[in-house]
Amino acid sequence: LRNVIEMVLSLMLIPVLVDIMRDARALRRAVAALIVLGALAGAIGIGLWLLPDPTAEAILNRLGRLGYPVGGVIRYRETSATLLNERAIGTWIDPNAFGGFLMMVGALAAPQVFSRQPVIDRRLATALLGVIGLALFLTDSRGSMIALGSAFVFIAALRYRKLLVIMVLIGMLMLFMPFTQRYVEKFEAGIRGEDVETQMRFGEYQDALKLIGRYPIIGVGFSGTPAIDLYLGVASTYLTIASHAGIVGLAGYLLLYASVFAYSWQRYAYIKRSAALTDVWLGLAAALVGVLVGGIFDHFYFKIDLFHATMTAEWIVMGLMVAAARLAAEPADQRQNASGRASSTAVPDAL
(Lines give C-alpha, C1' and ligand atoms only; values in the text may rest on other atoms or scores of the structure.)
Protein backbone atom coordinates (compact mmCIF):
# COMPACT_ATOMS: atom_id res chain seq x y z
CA LEU A 1 0.00 0.00 0.00
CA ARG A 2 2.83 2.39 0.83
CA ASN A 3 4.51 1.69 -2.51
CA VAL A 4 1.30 2.39 -4.43
CA ILE A 5 0.75 5.64 -2.51
CA GLU A 6 4.34 6.69 -3.24
CA MET A 7 3.75 5.98 -6.92
CA VAL A 8 0.63 8.18 -6.93
CA LEU A 9 2.50 10.97 -5.13
CA SER A 10 5.28 10.75 -7.72
CA LEU A 11 2.74 11.03 -10.52
CA MET A 12 1.33 14.14 -8.86
CA LEU A 13 4.69 15.82 -9.47
CA ILE A 14 3.56 16.31 -13.09
CA PRO A 15 0.75 18.85 -12.39
CA VAL A 16 2.72 20.34 -9.50
CA LEU A 17 5.73 21.09 -11.71
CA VAL A 18 3.51 22.46 -14.48
CA ASP A 19 1.98 24.82 -11.92
CA ILE A 20 5.13 26.06 -10.17
CA MET A 21 7.20 26.62 -13.33
CA ARG A 22 5.80 30.11 -13.86
CA ASP A 23 8.45 31.41 -16.27
CA ALA A 24 11.21 30.22 -18.60
CA ARG A 25 13.93 31.29 -16.16
CA ALA A 26 12.70 28.93 -13.44
CA LEU A 27 12.35 26.07 -15.90
CA ARG A 28 15.83 26.61 -17.32
CA ARG A 29 17.28 26.60 -13.81
CA ALA A 30 15.50 23.34 -13.00
CA VAL A 31 16.87 21.68 -16.15
CA ALA A 32 20.38 22.99 -15.43
CA ALA A 33 20.15 21.57 -11.90
CA LEU A 34 19.09 18.17 -13.25
CA ILE A 35 22.02 18.09 -15.67
CA VAL A 36 24.59 19.11 -13.04
CA LEU A 37 23.24 16.73 -10.40
CA GLY A 38 23.00 13.93 -12.97
CA ALA A 39 26.63 14.45 -13.92
CA LEU A 40 27.54 14.45 -10.22
CA ALA A 41 25.75 11.14 -9.81
CA GLY A 42 27.67 9.85 -12.83
CA ALA A 43 30.97 11.05 -11.33
CA ILE A 44 30.16 9.23 -8.08
CA GLY A 45 29.45 6.08 -10.06
CA ILE A 46 32.77 6.39 -11.92
CA GLY A 47 34.64 7.00 -8.66
CA LEU A 48 33.11 3.94 -6.99
CA TRP A 49 33.88 1.86 -10.07
CA LEU A 50 37.53 2.91 -9.95
CA LEU A 51 37.92 2.11 -6.25
CA PRO A 52 38.88 -1.40 -5.12
CA ASP A 53 35.74 -3.47 -4.72
CA PRO A 54 36.06 -3.93 -0.92
CA THR A 55 36.47 -0.17 -0.44
CA ALA A 56 33.49 0.66 -2.65
CA GLU A 57 31.43 -2.01 -0.88
CA ALA A 58 32.31 -0.56 2.53
CA ILE A 59 31.32 2.95 1.43
CA LEU A 60 27.98 1.81 0.06
CA ASN A 61 27.27 -0.30 3.14
CA ARG A 62 27.36 2.89 5.21
CA LEU A 63 24.21 3.94 3.38
CA GLY A 64 22.38 1.09 5.11
CA ARG A 65 21.04 3.58 7.66
CA LEU A 66 19.12 5.20 4.81
CA GLY A 67 17.60 1.91 3.66
CA TYR A 68 20.30 1.00 1.14
CA PRO A 69 20.95 -2.77 0.82
CA VAL A 70 23.88 -3.94 2.91
CA GLY A 71 26.31 -6.55 1.60
CA GLY A 72 26.91 -7.82 -1.90
CA VAL A 73 25.91 -4.59 -3.63
CA ILE A 74 28.76 -4.49 -6.19
CA ARG A 75 27.42 -5.89 -9.44
CA TYR A 76 29.20 -7.75 -12.23
CA ARG A 77 28.49 -8.94 -15.72
CA GLU A 78 28.78 -12.72 -15.46
CA THR A 79 28.32 -15.97 -17.27
CA SER A 80 27.17 -19.27 -15.81
CA ALA A 81 30.80 -20.06 -14.96
CA THR A 82 32.78 -16.86 -14.36
CA LEU A 83 32.52 -13.22 -13.33
CA LEU A 84 33.34 -10.74 -16.07
CA ASN A 85 33.52 -6.95 -15.78
CA GLU A 86 32.31 -4.88 -12.84
CA ARG A 87 29.28 -2.68 -13.58
CA ALA A 88 28.99 0.86 -12.25
CA ILE A 89 25.99 1.33 -9.93
CA GLY A 90 26.63 4.68 -8.25
CA THR A 91 24.17 4.76 -5.34
CA TRP A 92 21.27 3.40 -7.41
CA ILE A 93 21.42 -0.26 -6.23
CA ASP A 94 21.05 -1.64 -9.76
CA PRO A 95 23.32 -0.79 -12.73
CA ASN A 96 20.43 -0.87 -15.18
CA ALA A 97 18.39 1.59 -13.08
CA PHE A 98 21.48 3.80 -12.78
CA GLY A 99 21.86 3.59 -16.55
CA GLY A 100 18.22 4.54 -17.05
CA PHE A 101 18.68 7.68 -14.96
CA LEU A 102 21.90 8.60 -16.77
CA MET A 103 20.13 8.12 -20.08
CA MET A 104 17.54 10.73 -19.13
CA VAL A 105 20.04 13.36 -17.97
CA GLY A 106 22.27 12.59 -20.98
CA ALA A 107 19.35 13.32 -23.30
CA LEU A 108 18.72 16.55 -21.37
CA ALA A 109 22.34 17.65 -21.74
CA ALA A 110 22.83 16.82 -25.43
CA PRO A 111 20.93 19.79 -26.97
CA GLN A 112 22.76 22.19 -24.66
CA VAL A 113 26.05 21.30 -26.35
CA PHE A 114 24.76 22.90 -29.58
CA SER A 115 22.30 25.44 -28.22
CA ARG A 116 22.59 29.18 -28.89
CA GLN A 117 21.02 29.87 -25.50
CA PRO A 118 22.21 26.97 -23.32
CA VAL A 119 21.05 26.65 -19.73
CA ILE A 120 24.72 26.24 -18.77
CA ASP A 121 27.94 27.10 -20.58
CA ARG A 122 28.31 24.92 -23.68
CA ARG A 123 31.83 23.82 -22.79
CA LEU A 124 30.63 22.81 -19.34
CA ALA A 125 27.64 21.04 -20.89
CA THR A 126 30.02 19.09 -23.17
CA ALA A 127 32.16 18.06 -20.20
CA LEU A 128 29.13 17.02 -18.15
CA LEU A 129 27.74 15.04 -21.06
CA GLY A 130 31.10 13.27 -21.32
CA VAL A 131 30.95 12.32 -17.63
CA ILE A 132 27.38 11.08 -18.02
CA GLY A 133 28.27 9.11 -21.15
CA LEU A 134 31.29 7.48 -19.51
CA ALA A 135 29.26 6.51 -16.43
CA LEU A 136 26.54 5.05 -18.66
CA PHE A 137 29.16 3.07 -20.57
CA LEU A 138 30.52 1.67 -17.29
CA THR A 139 27.05 0.51 -16.19
CA ASP A 140 27.17 -1.88 -19.16
CA SER A 141 23.42 -1.35 -19.49
CA ARG A 142 22.74 -2.25 -23.09
CA GLY A 143 19.09 -1.24 -22.95
CA SER A 144 19.93 2.23 -21.60
CA MET A 145 22.64 2.76 -24.23
CA ILE A 146 20.17 1.84 -26.98
CA ALA A 147 17.63 4.20 -25.38
CA LEU A 148 20.16 7.06 -25.31
CA GLY A 149 20.97 6.40 -28.96
CA SER A 150 17.25 6.64 -29.74
CA ALA A 151 17.04 9.92 -27.83
CA PHE A 152 19.99 11.29 -29.82
CA VAL A 153 18.34 10.25 -33.11
CA PHE A 154 15.20 12.13 -32.01
CA ILE A 155 17.27 15.26 -31.27
CA ALA A 156 19.06 14.97 -34.62
CA ALA A 157 15.84 14.45 -36.55
CA LEU A 158 14.16 17.51 -35.07
CA ARG A 159 17.03 19.98 -34.88
CA TYR A 160 20.73 19.04 -34.78
CA ARG A 161 21.72 16.83 -37.72
CA LYS A 162 25.40 17.06 -36.74
CA LEU A 163 24.64 14.82 -33.77
CA LEU A 164 24.15 11.91 -36.18
CA VAL A 165 27.69 12.40 -37.49
CA ILE A 166 29.05 12.40 -33.94
CA MET A 167 27.12 9.20 -33.16
CA VAL A 168 28.55 7.48 -36.23
CA LEU A 169 32.09 8.50 -35.30
CA ILE A 170 31.67 7.27 -31.71
CA GLY A 171 30.20 4.00 -32.98
CA MET A 172 33.15 3.46 -35.32
CA LEU A 173 35.62 4.17 -32.53
CA MET A 174 33.89 1.66 -30.27
CA LEU A 175 34.10 -0.99 -32.97
CA PHE A 176 37.88 -0.71 -33.22
CA MET A 177 39.15 0.43 -29.81
CA PRO A 178 40.65 -2.49 -27.82
CA PHE A 179 39.00 -1.76 -24.45
CA THR A 180 35.50 -1.60 -26.00
CA GLN A 181 35.63 -4.98 -27.72
CA ARG A 182 34.14 -6.81 -24.75
CA TYR A 183 31.12 -4.48 -24.78
CA VAL A 184 30.69 -4.82 -28.52
CA GLU A 185 30.74 -8.60 -28.18
CA LYS A 186 28.08 -8.43 -25.46
CA PHE A 187 25.90 -6.30 -27.72
CA GLU A 188 26.28 -8.80 -30.54
CA ALA A 189 25.53 -11.72 -28.22
CA GLY A 190 22.43 -9.92 -26.94
CA ILE A 191 21.16 -9.24 -30.45
CA ARG A 192 21.66 -12.89 -31.40
CA GLY A 193 20.12 -14.05 -28.12
CA GLU A 194 23.19 -16.09 -27.22
CA ASP A 195 24.12 -14.72 -23.79
CA VAL A 196 22.59 -16.03 -20.56
CA GLU A 197 20.93 -12.76 -19.58
CA THR A 198 19.09 -12.40 -22.89
CA GLN A 199 17.92 -16.01 -22.74
CA MET A 200 16.63 -15.41 -19.20
CA ARG A 201 14.71 -12.37 -20.44
CA PHE A 202 13.09 -14.41 -23.18
CA GLY A 203 11.91 -16.84 -20.49
CA GLU A 204 10.57 -13.93 -18.42
CA TYR A 205 8.67 -12.60 -21.42
CA GLN A 206 7.00 -15.96 -21.97
CA ASP A 207 6.03 -16.25 -18.29
CA ALA A 208 4.72 -12.66 -18.22
CA LEU A 209 2.57 -13.27 -21.29
CA LYS A 210 1.21 -16.38 -19.60
CA LEU A 211 0.25 -14.31 -16.52
CA ILE A 212 -1.32 -11.57 -18.65
CA GLY A 213 -3.25 -14.17 -20.61
CA ARG A 214 -4.87 -15.39 -17.37
CA TYR A 215 -5.58 -11.92 -15.94
CA PRO A 216 -5.75 -9.65 -18.98
CA ILE A 217 -8.10 -6.84 -17.89
CA ILE A 218 -6.78 -5.45 -14.59
CA GLY A 219 -3.84 -7.75 -13.89
CA VAL A 220 -3.02 -9.25 -10.49
CA GLY A 221 -2.38 -6.05 -8.54
CA PHE A 222 0.76 -5.14 -6.62
CA SER A 223 0.75 -7.54 -3.69
CA GLY A 224 1.62 -10.81 -5.40
CA THR A 225 0.20 -13.46 -7.70
CA PRO A 226 -2.88 -15.57 -6.89
CA ALA A 227 -1.33 -18.77 -8.29
CA ILE A 228 1.86 -20.53 -7.26
CA ASP A 229 2.94 -21.19 -10.84
CA LEU A 230 2.99 -17.45 -11.66
CA TYR A 231 5.42 -14.75 -10.57
CA LEU A 232 5.92 -11.01 -11.00
CA GLY A 233 9.23 -9.93 -12.46
CA VAL A 234 9.97 -9.27 -16.12
CA ALA A 235 12.57 -7.02 -17.72
CA SER A 236 10.08 -4.88 -19.63
CA THR A 237 8.18 -1.82 -18.45
CA TYR A 238 5.19 -2.63 -20.65
CA LEU A 239 4.88 -6.26 -19.58
CA THR A 240 5.42 -5.23 -15.94
CA ILE A 241 2.54 -2.76 -16.09
CA ALA A 242 0.31 -5.26 -17.91
CA SER A 243 1.12 -7.91 -15.28
CA HIS A 244 0.23 -5.63 -12.38
CA ALA A 245 -2.59 -3.55 -13.87
CA GLY A 246 -3.65 -5.44 -16.99
CA ILE A 247 -4.41 -4.03 -20.40
CA VAL A 248 -6.34 -1.20 -18.70
CA GLY A 249 -3.25 -0.06 -16.80
CA LEU A 250 -0.97 -0.37 -19.83
CA ALA A 251 -3.44 1.64 -21.93
CA GLY A 252 -3.48 4.34 -19.23
CA TYR A 253 0.33 4.51 -19.21
CA LEU A 254 0.52 4.81 -22.99
CA LEU A 255 -2.32 7.34 -23.02
CA LEU A 256 -0.42 9.48 -20.52
CA TYR A 257 2.60 9.56 -22.83
CA ALA A 258 0.45 10.14 -25.90
CA SER A 259 -1.33 13.07 -24.25
CA VAL A 260 1.96 14.71 -23.28
CA PHE A 261 3.38 14.49 -26.79
CA ALA A 262 0.05 15.55 -28.34
CA TYR A 263 -0.02 18.60 -26.05
CA SER A 264 3.50 19.52 -27.17
CA TRP A 265 2.72 18.87 -30.84
CA GLN A 266 -0.16 21.34 -30.72
CA ARG A 267 2.27 23.99 -29.44
CA TYR A 268 5.34 22.94 -31.40
CA ALA A 269 5.24 26.00 -33.68
CA TYR A 270 5.56 28.22 -30.61
CA ILE A 271 8.22 25.98 -29.07
CA LYS A 272 10.41 26.35 -32.17
CA ARG A 273 10.11 30.14 -32.00
CA SER A 274 11.04 30.34 -28.31
CA ALA A 275 14.84 30.54 -28.25
CA ALA A 276 14.99 30.16 -24.47
CA LEU A 277 12.84 27.01 -24.42
CA THR A 278 13.39 25.18 -27.72
CA ASP A 279 16.43 23.17 -26.65
CA VAL A 280 15.10 22.73 -23.12
CA TRP A 281 11.92 21.14 -24.47
CA LEU A 282 13.90 19.12 -27.01
CA GLY A 283 16.07 17.54 -24.29
CA LEU A 284 13.07 16.76 -22.10
CA ALA A 285 11.15 15.21 -25.00
CA ALA A 286 14.21 13.20 -26.06
CA ALA A 287 14.55 11.85 -22.52
CA LEU A 288 10.96 10.57 -22.66
CA VAL A 289 11.57 9.05 -26.09
CA GLY A 290 14.50 7.23 -24.50
CA VAL A 291 12.24 6.04 -21.68
CA LEU A 292 9.76 4.63 -24.19
CA VAL A 293 12.52 2.75 -26.00
CA GLY A 294 14.32 1.67 -22.82
CA GLY A 295 11.04 0.36 -21.43
CA ILE A 296 11.16 -2.42 -24.00
CA PHE A 297 14.28 -3.88 -22.36
CA ASP A 298 14.01 -2.88 -18.67
CA HIS A 299 11.37 -2.55 -15.99
CA PHE A 300 12.82 0.11 -13.67
CA TYR A 301 10.66 2.88 -15.17
CA PHE A 302 7.67 1.25 -13.48
CA LYS A 303 8.90 -0.91 -10.62
CA ILE A 304 7.37 0.63 -7.54
CA ASP A 305 8.99 -1.57 -4.90
CA LEU A 306 12.65 -1.22 -5.93
CA PHE A 307 13.29 1.61 -8.38
CA HIS A 308 11.15 4.43 -7.09
CA ALA A 309 13.91 7.01 -7.70
CA THR A 310 14.22 6.26 -11.41
CA MET A 311 10.44 6.27 -11.82
CA THR A 312 10.19 9.61 -9.99
CA ALA A 313 12.85 11.09 -12.27
CA GLU A 314 10.70 10.00 -15.23
CA TRP A 315 7.67 11.94 -13.91
CA ILE A 316 9.82 14.98 -13.13
CA VAL A 317 11.02 15.05 -16.73
CA MET A 318 7.45 14.67 -17.97
CA GLY A 319 6.19 17.52 -15.80
CA LEU A 320 8.99 19.81 -16.97
CA MET A 321 8.30 18.93 -20.60
CA VAL A 322 4.63 19.90 -20.29
CA ALA A 323 5.66 23.09 -18.48
CA ALA A 324 8.06 23.96 -21.32
CA ALA A 325 5.33 23.52 -23.93
CA ARG A 326 2.89 25.59 -21.88
CA LEU A 327 5.35 28.43 -21.30
CA ALA A 328 6.37 28.53 -24.96
CA ALA A 329 2.76 28.99 -26.07
CA GLU A 330 1.67 31.16 -23.14
CA PRO A 331 1.80 34.57 -24.92
CA ALA A 332 -0.34 33.19 -27.77
CA ASP A 333 -2.80 31.62 -25.33
CA GLN A 334 -3.07 34.92 -23.48
CA ARG A 335 -3.78 36.75 -26.74
CA GLN A 336 -6.47 34.22 -27.65
CA ASN A 337 -8.08 34.53 -24.20
CA ALA A 338 -8.00 38.30 -24.43
CA SER A 339 -9.56 38.17 -27.91
CA GLY A 340 -12.26 35.81 -26.64
CA ARG A 341 -13.12 38.14 -23.75
CA ALA A 342 -13.23 41.12 -26.09
CA SER A 343 -15.60 39.40 -28.51
CA SER A 344 -17.87 38.21 -25.69
CA THR A 345 -18.26 41.76 -24.34
CA ALA A 346 -18.71 43.19 -27.83
CA VAL A 347 -21.80 41.06 -28.54
CA PRO A 348 -23.96 42.47 -25.72
CA ASP A 349 -22.83 45.99 -26.61
CA ALA A 350 -23.88 45.46 -30.21
CA LEU A 351 -27.22 44.07 -29.13
Between Tyr76 and residues 5 or more places away or on another chain, the pairs with built amide H atoms under 5 Å apart involve Arg87
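Determine the share of the stretch 1-125's accessible area contributed by carbon and sulfur atoms, expressed in whole percent, with a 1.4 angstrom probe.
Details: 4050 of 6500 Å².
Heavy-atom surface of the stretch 1-125 belonging to carbon and sulfur, 1.4 Å probe: 62 percent.
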Taking Cα atoms only, Rg over Rh for the stretch 97-143 with Rh from the Kirkwood formula is 1.02
Measuring from the longest principal axis of the C-alpha atoms of the chain, the long axis of helix 196-214 (C-alpha) lies at a number of degrees, nearest 10, equal to 60 degrees
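Please report the projected area of the stretch 248-315's Cα convex hull averaged over all directions, in nm². Write out the running numbers ahead of the final one.
Numbers: hull surface 20.6 nm².
For the stretch 248-315, averaging the hull's shadow over all directions gives 5.1 nm².
Taking Cα pairs under 8 Å and at least six residues apart, what relative contact order does the stretch 94-188 come out at, in percent? Mind dumping the intermediate values first?
Numbers: 77 pairs, mean separation 26.5, N = 95.
Relative CO of the stretch 94-188 lands at 28 percent.
So what is the relative contact order of the chain, in percent, for Cα pairs below 8 Å that sit 6 or more residues apart? Could you put the intermediate results ahead of the total?
Values: 472 pairs, mean separation 81.5, N = 351.
After rounding, I find 23 percent.
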Loop-resident trypsin sites (Lys or Arg not before Pro) in the stretch 151-209 with no more than 13 other Cβ atoms inside 10 Å, DSSP not H/G/I/E/B, are Arg161
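Calculate the dipole size of the stretch 91-171 relative to its Cα centre from +1 charges on Lys and Arg beta carbons and -1 charges on Asp and Glu beta carbons; express the result in debye to the nearest 20. Please list the in-between numbers first.
Details: 7 positive and 3 negative charges, 92 e Å.
The calculated dipole for the stretch 91-171 is roughly 440 debye.
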Heavy-atom accessible area of the stretch 248-316 with neighbours in place, 1.4 angstrom probe: carbon+sulfur share in percent works out to 73 percent
Mean Cβ-within-10 Å packing, highest first, puts peptides 289-301, 99-111 in the order 99-111, 289-301
Accessible-area order for His244, His308, largest to smallest, probe 1.4 angstrom, reads His308, His244
Expressed in Å to one decimal, the Kirkwood Rh of the stretch 1-84 from all distinct alpha-carbon pairs is 16.6 Å
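Taking the highest mean first, how do the peptides 40-46, 208-214 order by number of other beta carbon atoms within 10 angstrom per residue? Don't skip to the answer; put the middle values down first.
Numbers: 40-46: 20.4, 208-214: 15.6.
The packing order, highest mean first, is 40-46, 208-214.
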Note on the stretch 157-306: contact order normalised by length, alpha-carbon pairs under 8 Å, 6 or more apart, percent, works out to 20 percent
Summing +1 per Lys or Arg and -1 per Asp or Glu among the other residues with Cβ less than 13 Å from Lys210's Cβ gives -2
Given a 1.4 Å probe, the accessible area of the chain per residue, as a whole number of Å², is 50 Å²
Rounded to the nearest 10, the angle in degrees between the Cα long axis of helix 95-114 and the longest principal axis of the Cα atoms of the chain comes to 40 degrees
For the chain, the percent of all C-alpha pairs falling in each 10 Å bin, from 0 up to the bin holding the max distance, is 5, 22, 31, 25, 11, 3, 2, 1, 0
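How much of the calculated P(r) for the stretch 106-202 lies past 20 Å, in percent of all Cα pairs? The partial results should precede the final answer.
Details: 2017 of 4656 pairs.
Everything past 20 Å amounts to 43 percent.
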The answer for the net charge of residues other than Trp265 whose Cβ lies under 14 angstrom from its Cβ, with Lys and Arg +1 and Asp and Glu -1, is +3
Taking Cα atoms only, helix 122-139 is inclined relative to the longest principal axis of the chain by an angle, in degrees rounded to 10, of 40 degrees
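The values are calculated or read from the model by the stated rules, or taken from the named source; none is laboratory data. These numbers come from a predicted model, not from an experiment. For neighbour counting, all protein chains shown are included, and Cβ atoms are generated from backbone atoms with ideal geometry for every residue, glycine included. Protein only, heavy atoms only, side chains kept; ligands, DNA and RNA dropped before computing areas. Shrake-Rupley method; radii C 1.70, N 1.55, O 1.52, S 1.80 Å.
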